[in-house]
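Below: one structure, written as structure tokens.
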Amino acid sequence: MRVALLLMAMAAAEAQQDPLAALRQAAEKTAADWDALAKGLDQRIARLLPCDPAGRAAVEEVSRASAARLAALSAYVKAEALAARDDVDAVKRVLSEQASLGGAWAAERAESDQDHTALEARIAELKESMRKRSALSGAEQVLIELSRMAKDRTAKADEQSGRKDKVNALLADLLADYQQRQAALEAEAAQVDQETARWASYYAARVARAATECAIIAGPKRRQE
Amino acid sequence: MRRTLLLAAVMCLSEELFSEQPRDPVREAYRSWRETDPNLEREAAAGGAAIAQRADRMSAEAAKYAAARKAMLQSLAQDQAKQIARLENAAVPAEPAAASGEADSQFVISESAKVTRTINAFASDPDKGIQQLRAALEREREALTALAAGVSTRQKSVAALKAAANAIDTARSQALAEMRSMSEAAAAQVTDASQEAEAWAEYYRKIGEGARGDATPITVIPPGVPPALVNNPVPAPPTVTPLPLARYVGAWTFPTSNGLFHGAQPEFLDVVVFEENGQAKGTLLARFKLPPGSDGDPVLRFDFTGPFQASRNQIFNLTTTDGARGTIELIPGAAFNLLEVNFQTETKPGKVHQADVVLVKK
């Protein structure tokens, strides 16, 4: 008992944190309810007389369950479509900001390259000074190392810049996929709404058939009376 | 095509904006550094105190540039991490079974078959009532046919949805892998920038060292002569600190003009640091400028002690002459003769309890 209460409390807390999860749960539950009622309908009305009001009530109950599950599905799909739109916006932002970062790496590459060239010139000047003052050799060694670091920096920035092109292409593909998903969800939401009307028509026809069956049976009965 | 053009426009605009703004402080610091003394290397042969001072000035400018560059790289690494987190949060949930339309489709097929069987059974029955029932069944079948078309269309959307979700999953994993590599590389660049900053400080220190004494030209060594080796080399004294102890120990003072400080401004501030068996012992004596009308005590004196640690910055416990406790941090500066001192003590009424100053070696 305690475990069941704990599970229910956990499920409720989860639904509060994620409204989409709550809508999804409702869609699954109402669909299962309708499925069970629809599959059992024939068995329920098989033993009833055509004019038994319980027969019409049974069809109407399944009809209501169908409307409820379609409403729940519609609410879920519409919420998911809205969430998909947020995902599209998020990926657009990532793409735009990733492009900015790529720009920064391209600038880093260009400036590191210029820095390396400037360092080579400074090394040449320091070497000239060393001809008169050998004690500068320690500084020269460090400056050569710094020049190597600048060259290394250029190579790494170049690598980052190259990755940026790949990332941008992948993100552009990803954005197109997210947009397709959003479009599919919006189409599905519209189709669920259209389907709701068709299911209502079907169940109306089903109730009309029951009424016709009753009329056929009731006619000769009345005639006998 | 329109989407491609739009993306290209967004990306070009972003690159333009980003490549200019955050780099400006770095470029400014670089320009300032290079313009401070563009002829240092060319004129270093002259030697003397003037060259050492010029090297110190360049060292300070190089440190500013390094700090600006490190901040820019850290910002890049943080931005990259932010984009990764954003993409990680855009995971696509699996579609619920209720959305598949499978149960609807089965229902429609099964009911259509039943209705059709009944219609066929009554096909040749001339009874008027049965014909009415047959007509009702025909209308039901029409409704089921319309439903079948609707369910089928919805199932196509659901299939497109699943295909898009699979494509998203693959592209998202690939993009995240590349972005994580970029993020790791950006973090490594921050470390490289720190190493470069230390190398620049070392370079200017060596220029200053090389400028001392008389000029001695490089002796021309004939080819094939091996370099001389010291037979009894003297090992450097062992130390736990990553930088030489000389960067911490000795007598340090606050410069009389243009001294750098945060918090209370010193009139004078002297620090002496000794080392013995890996332990630091030191004293700070200072007099601070207090706001006009203040009746606080401008003089502060404290002793500090503790073991040297295997870290660049050294932190020791201190006790003031009034018994207040606190800590002092010794931070080696960008140049070998600079030491940043940052201390905090317990708050005592009328006493200076915090300051951050850059000192020069006496």
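The values are calculated or read from the model by the stated rules, or taken from the named source; none is laboratory data. Worth saying up front: this structure is predicted, and the values here are computed from it rather than measured. We place every Cβ from the backbone using ideal geometry, glycine too, and count neighbours over all the protein chains shown. Remember, those area values only see protein heavy atoms, side chains included, never the ligands or the DNA or RNA. Shrake-Rupley method; radii C 1.70, N 1.55, O 1.52, S 1.80 Å.
Compared with the dominant Cα axis of chain A, that is its longest principal axis, helix A:137-224 is turned about 10°. For the range B:246-328, the fraction of C-alpha pairs more than 16 angstrom apart is 58%. One chain, two ends: A:Asp193 and A:Asp18. Fully extended at 0.36 nm per residue, the span grows by 60.6 nm beyond their Cα-Cα distance.
With 31 Å as the limit on Cα-Cα distance, the pairs of A:Lys156/B:Lys361; A:Lys29/B:Lys162; A:Lys166/B:Lys70; B:Lys82/B:Lys162; A:Lys92/A:Lys151; B:Lys70/B:Lys361 that go past it are A:Lys156/B:Lys361; A:Lys92/A:Lys151. Across B:Lys206, B:Lys362, the residue with the most accessible area heads the list, and the full order at a 1.4 Å probe is B:Lys362, B:Lys206.
Only helical runs count toward this figure. For chain B, summing -39,500 (n - 2.57) over DSSP H runs of n ≥ 4 and dividing by all residues gives -18000 deg cm²/dmol at 222 nm.
Stretch A:Lys39-A:Ala155 to full length: gain in nm at 0.36 nm per residue minus the Cα-Cα span?
Using 0.36 nm per residue and subtracting the Cα-Cα distance, I get 34.9 nm.
Note on the range B:139-201 and the range A:26-67: Cα centroid distance 42 Å, given to the nearest whole angstrom.
Starting from 0.36 nm per residue, how many nanometres of slack lie between B:Thr256 and B:Ala113 once their C-alpha separation is accounted for?
Extra length available between B:Thr256 and B:Ala113 comes to 41.2 nm.
Cα centroid separation, the range A:147-221 to the range B:64-123: 7 Å.
Rounded to the nearest 20 debye, the dipole magnitude of the range B:62-207 is 320 debye, with +1 charges on Lys and Arg beta carbons, -1 on Asp and Glu beta carbons, and the Cα centre as origin.
The heavy atoms of B:Thr241 present about 10 square angstrom of accessible area, all protein chains included, probe 1.4 Å. The modelled label-to-label distance between B:Asn317 and B:Arg287, using points 7 Å beyond Cα along the C-beta direction, is 3.2 nm.
Partner aspartates and glutamates whose Cα lies under 16 Å from the Cα of A:Lys164, excluding those fewer than 8 positions away in the same chain, are identified as A:Glu97, A:Glu108, A:Asp173, B:Glu15, B:Glu16, B:Asp79, B:Glu178, B:Glu184.
In chain B, Cα pairs under 8 Å separated by at least six residues give a relative contact order of 15 percent. The mean sequence distance of close C-alpha pairs (under 8 Å, at least 6 residues apart), as a share of the length of the range A:69-225, puts its relative contact order at 42 percent.
If you plug the beta carbon distance of B:Gln309 and B:Asn166 into 1/(1 + (r/R0)^6) with R0 = 51 Å, you get a FRET efficiency near 0.40. Accessible area per residue (1.4 Å probe, heavy atoms of protein chains only) ranks B:Asp295, A:Asp193 as B:Asp295, A:Asp193, with the largest value leading. Pairing chain A with chain B buries about 8300 Å² of accessible area. This figure sums both sides and uses a 1.4 Å probe. The calculated FRET efficiency for B:Arg31 paired with A:Glu120, based on their beta-carbon distance and R0 = 25 Å, is about 0.85. Over chain A, accessible surface divided per residue gives 51 Å², non-protein components excluded, 1.4 Å probe.
Can you give the FRET efficiency to the nearest 0.05 for A:Ala68 and B:Ala149, using r as the Cβ-Cβ distance and R₀ = 22 Å? Write down the numbers at each step before the final one.
Details: r = 23 Å, r/R0 = 1.05.
FRET efficiency, A:Ala68 to B:Ala149: 0.45.
Think of the range B:231-349 as a dipole: +1 on every Lys or Arg Cβ, -1 on every Asp or Glu Cβ, centred on the Cα centre; then among B:Thr327, B:Tyr248, B:Val271, B:Tyr248 lies furthest on the positive end. To the nearest ten degrees, helix B:2-20 and the longest principal axis of the Cα atoms of chain B are 10 degrees apart. Working from label points 7 Å from Cα in the Cα-to-Cβ sense, the A:Ala110 to B:His353 distance is 5.2 nm.
Quick check: with the 1.4 Å probe, what order do A:His116, B:His353, B:His262 take by accessible area, largest first?
Accessible-area ranking of A:His116, B:His353, B:His262, largest first: B:His262, B:His353, A:His116.
Straight-line cross-link partners of B:Lys114 among the lysines, defined as a Cα under 16 Å from its Cα and at least 8 positions apart when in the same chain: A:Lys39. Think of the range B:34-138 as a dipole: +1 on every Lys or Arg Cβ, -1 on every Asp or Glu Cβ, centred on the Cα centre; then among B:Ala135, B:Ala98, B:Ala60, B:Ala60 lies furthest on the positive end. Note on chain B: percent of Cα-Cα distances in each 10 Å bin, starting at 0 and stopping at the bin with the largest distance, equals 4, 13, 16, 16, 12, 9, 7, 6, 5, 5, 4, 2, 0, 0.
Decide, for the protein assembly as shown, between rounded, prolate and oblate: order the square roots of the alpha carbon gyration tensor eigenvalues as a ≥ b ≥ c, take rounded if a/c falls under 1.5, and otherwise choose prolate if a/b is larger than b/c, else oblate.
Here the protein assembly as shown falls in the prolate category.
Dipole size of the protein assembly as shown about its Cα centre, with +1 on Lys/Arg Cβ and -1 on Asp/Glu Cβ: approximately 1100 debye, rounded to the nearest 20. Against chain B, whose longest principal axis comes from its Cα atoms, helix B:49-88 is set at around 20 degrees.
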